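Just below is one structure, and these are the notes that go with it.
The values are calculated or read from the model by the stated rules, or taken from the named source; none is laboratory data. The structure displayed is predicted, hence computed values, not measured ones. Every residue, glycine among them, receives a Cβ derived from its backbone with ideal geometry; neighbour counts consider all protein chains shown.
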Amino acid sequence: MWASVNGARLYWERHGSGAPLLWITGFTISSEVFRPILPLYDRDFDCVLYDNRGSGRSRSAPALTSMPQLAADAAGILDHAGLESAHVYGLSMGGMIAQELALRFPHRVRGLILGGTTPGGPLAAGPTIGKLPGLGGAMASATRFGPRHPLAGALFSERFQREHPDEVRRLLIPFRAHRPPLTGMAAHWWATVYHDTVSRLRRIQAPTLVIHGEEDAMASITNARMLAERIPDAELAIVPGAGHAYPLEEPEASLQILKQWLERRGEIAPGTAPSAREERWEPVTRRLGLPIGALRTGGSLARLLSGRR
C-alpha cells in the first residue's frame, strides 16, 4: 500500500492481528528485511511496517531530511493505519527515529522498543555511525550478497556467519531488494550525524525496552546501557551471542524477550499529548530539524570537552 505523508509517497504494509506494533527500519534499508521474521510476530501483533523516505519503495523529492521529519512520517503512517497509538519497535537508525517519535509525539507511543541503536552525538560511544556510508555504498553497488560480504560482518556475529553460512545468505537477500538512491543515502547519513537525544532522554514517557546483541559490531553496547540508564522507565535486555541484526540471528529468543517484557508490564497506555503550544511549534522545529540537531550535537561536544557527561 501507499500513503501520502508529509509530501512523500511512503510504501507500507500491515500483517497479523493483536496489539499494534509499528516497525521502523534502519539506514537506507527497506522494510523487506523484516519479512523472514514476520510469521513469528503476526501471530500476536498487528504489525505495521513501512519504508522510510529516501529508501526502499518510498518516493520523495531529493532533499535532506532529519530525525524529526522521519519521526513525523512514522506518525503519519499510524494515521493511515487508523491507529491512535502503537507499540513502536525501532531497529538501528529506526531506533533513532523511534526515540524522536516518542519525544515529539508521546501520545502515539505505548511501549517503546529500541533495538541495536544509539542516542547519538559526541557523548555516545563509537563507532556506531562510522560504518554507515561504506555499508550503504556496498548495498547500493553489490550484485550478490554472500556470507563473506561486508554487510554480513556488520549484521551478524562471527559464530553465526561461520556456523550458518546458508542462513546468512538467505537473510541477506531482502537487503538486496529495493536499494536506496544515492540522494536517499546522503539524506539518511546527515540525519544520523545530527541525531542527538542524550539531553532529552529523561523526557521520554513511554516504558522502554532496550534490546542489544551481545556481539554487535555495528553499534556499541555502551549506547544501549546509556539509553537504559537515562530513559526514566527503561529496561535493558542483551541477546547472548547475537550481532547487530539480532532479531534475524536469534528470532525466537528476541521475540520471547519482547513478549515477556510486555507480559510483565501489562496494559501500556500512550503518553500525554503535547500542549497546544507544543503542537503548533512541532512543524516549525521539524523544518529546522538539521540545524537544531547540529546545535544539540555542538552542545554535547562542549559537555564532552568540559568533562561533563
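Checked against (1) more than 17 Å from Ser92 (Cβ to Cβ); (2) buried (at least 21 other Cβ atoms within 10 Å of the Cβ); (3) at pLDDT below 95, Ala206 meets all criteria but (3). Of all residues in region 13-24, those that are acidic (Asp, Glu) have Cβ atoms under 9 Å from Cβ atoms of residues that are crowded, with 17+ Cβ neighbours inside 10 Å and in a strand (DSSP E or B), 6 or more apart or on another chain, in Glu13/Cys47; Glu13/Val48; Glu13/Leu49; Glu13/Tyr50. Residues considered: Ile238, Ile204, Ile173, Ile211. Of these, the only one that is among the β-branched types (Val, Ile, Thr) and farther than 21 Å from Ala124 by Cα is Ile173.
Evaluate region 9-18: report whether one residue or more is assigned to a loop (DSSP other than H, G, I, E, B) and charged (D, E, K, R). It would help to see each step written out before you state the result.
First, the residues of region 9-18 that are assigned to a loop (DSSP other than H, G, I, E, B): 16-18.
Next, only the ones that are charged (D, E, K, R) stay: none.
Within region 9-18, none of the residues are assigned to a loop (DSSP other than H, G, I, E, B) and charged (D, E, K, R).
Only one entry in Arg308, Arg280 is basic (Lys, Arg) and not in a loop (DSSP other than H, G, I, E, B), namely Arg280.
Restricting region 67-107 to residues that are of a type in the set (D, E, K, R) and closer than 16 Å to Leu49 by Cβ leaves a set whose member that is surrounded by the fewest Cβ atoms within 10 Å (Cβ to Cβ) is Asp79.
Here is a check on your reading of the model: is Arg264 surrounded by fewer than 13 Cβ atoms within 10 Å (Cβ to Cβ) and modelled with pLDDT of 95 or more? Explain how you work it out, then say what you get.
Numbers: surrounded by fewer than 13 Cβ atoms within 10 Å (Cβ to Cβ): yes; modelled with pLDDT of 95 or more: yes.
So Arg264 fits the description; yes.
From the list Met218, Met226, exactly one residue is within 19 Å of the chain's Cα centre (by Cα), buried (at least 16 other Cβ atoms within 10 Å of the Cβ) and either among the hydroxyl-bearing types (Ser, Thr, Tyr) or not in a helix (DSSP H, G or I) (or both). Which is it? The unique qualifying residue is Met218. The numbered conditions (1) in contact with a Ser or Thr (Cβ under 8 Å, 6 or more places away or on another chain); (2) outside any loop (DSSP other than H, G, I, E, B); (3) farther than 30 Å from Leu172 by Cα are all true for Pro270 except (2). Taking first residues from region 155-167 that are within 22 Å of Thr25 (Cα to Cα) and partners that are exposed (fewer than 15 other Cβ atoms within 10 Å of the Cβ) and of a type in the set (Val, Ile, Thr), no Cβ contact under 6 Å between residues at least 6 apart in sequence or on separate chains turns up.
If you take the residues in region 191-207 that are in a helix (DSSP H, G or I) and touching a Gly at 6+ places or on another chain (Cβ under 9 Å), which one is farthest from Gly271 (Cα to Cα)?
Step one: of region 191-207, the residues in a helix (DSSP H, G or I) are 191-193, 198-203.
Filter again for touching a Gly at 6+ places or on another chain (Cβ under 9 Å), leaving 191-193, 198-199.
Values: Ala191: 25, Thr192: 25, Val193: 28, Val198: 20, Ser199: 19 Å.
Only one residue fits best here, namely Val193.
With a requirement of 3 or more residues that are within 17 Å of Leu201 (Cα to Cα), under 16 Å from the mean Cα position of the chain (by Cα) and at pLDDT below 95, none of the helices (runs of 4 or more DSSP H) lying completely within region 85-163 satisfies it.
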